[in-house]
Amino acid sequence: MRMLFLILVLANLVGLAYIRYAESRAGADAQISLLQISPEKLKLLKPRSGEKAPAALASSPPQPALACLEWGGFAAEDAPRAAAALARFDLADKLSQREVGDGGWWVYLPPLKTRAEADRKASEVKALGIDDLYVVPESSQWRFALALGTFRTEEAANNRLAQLQQKGLRAAVVGPRGAIRSIFVIRDPGDAMAAKIAGLAADFPNAELKAIACADAPAAKNQ
């Protein structure tokens, strides 16, 4: 029932935000979606407060994971404004942020100063039995980095990184490719705080707000 309750809270607040925003704009852009959120897709897994397992059970079932809110993805120019809006709520260590790339993920060695250094490093890497690589050309912002594979998901990139580390290549890293977008994660916000965050809809019409199990949230850096 808690999941249904919080879904209804978010849906009602989104509707209220739309009405107020439409009135303040006097009909202009009234059809803009104020919050890209589908209530039927929310998966709020936090148990009802005070709920206990039946006494007849010999052992208690595993407790559901805490519910998190995931809000994003913000382009580079919008992320600071969204961060400032969330800062007003004093979320402390409940708030974290991560970045994703429009072009997926890649494994690479950080850029070297010159092409000669990059070629020399490439030879050292090939000596470890790693042939799937190339030197990023000078025309790129990542010039003279060594690309070691591109992937659609961060998980696949991390798997490739683990393989490289087993071969002795310790300096490789995983990072997003393409335009970088920011996603904010609010851990176990509670109903009242979730309502406040949903109330930001009018100011960020292109943001997507969804509920996930906190255990499913990718690693993020604290604000």
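The values are calculated or read from the model by the stated rules, or taken from the named source; none is laboratory data. Quick caveat, the model's predicted, so the values are computed rather than measured. Cβ: placed from backbone, ideal geometry, glycine included. Neighbour counts: every protein chain shown. Surface accessibility is based on the protein's heavy atoms, side chains included, excluding ligands, DNA and RNA. Shrake-Rupley method; radii C 1.70, N 1.55, O 1.52, S 1.80 Å.
Worth pointing out:
- Cβ charges +1 (Lys, Arg) and -1 (Asp, Glu), total dipole of segment 69-202, debye: 340
- Summed residue charge, Cβ within 11 Å of Phe151's Cβ, Lys/Arg positive, Asp/Glu negative: +1
- Stokes-Einstein D for segment 91-163, Kirkwood Rh over Cα pairs, 25 °C, 0.890 mPa s (µm²/s): 178
- Residue order by solvent-accessible surface for Asp191, Asp93 is Asp93, Asp191, largest first, with ligands and nucleic acids left out and a 1.4 Å probe.
- Applying the criteria of a DSSP loop state and at most 13 other Cβ atoms within 10 Å to the trypsin sites (Lys or Arg not before Pro) of segment 96-201 yields Lys113, Arg152, Lys167, Arg170.
- Low-density loop positions, GluC sites (Glu not before Pro), segment 116-223 - DSSP coil, at most 11 other Cβ in 10 Å: Glu138
- Neighbour cut-off at most 16 other Cβ (10 Å), DSSP loop, chymotrypsin sites (Phe, Trp or Tyr not before Pro), segment 141-191: Trp142
- Both numbers refer to the Cα atoms of segment 81-223; Rg and Dmax are 19.3, 58 Å.
- Rounded percent of accessible protein surface that carbon and sulfur make up, segment 78-223, 1.4 Å probe: 47
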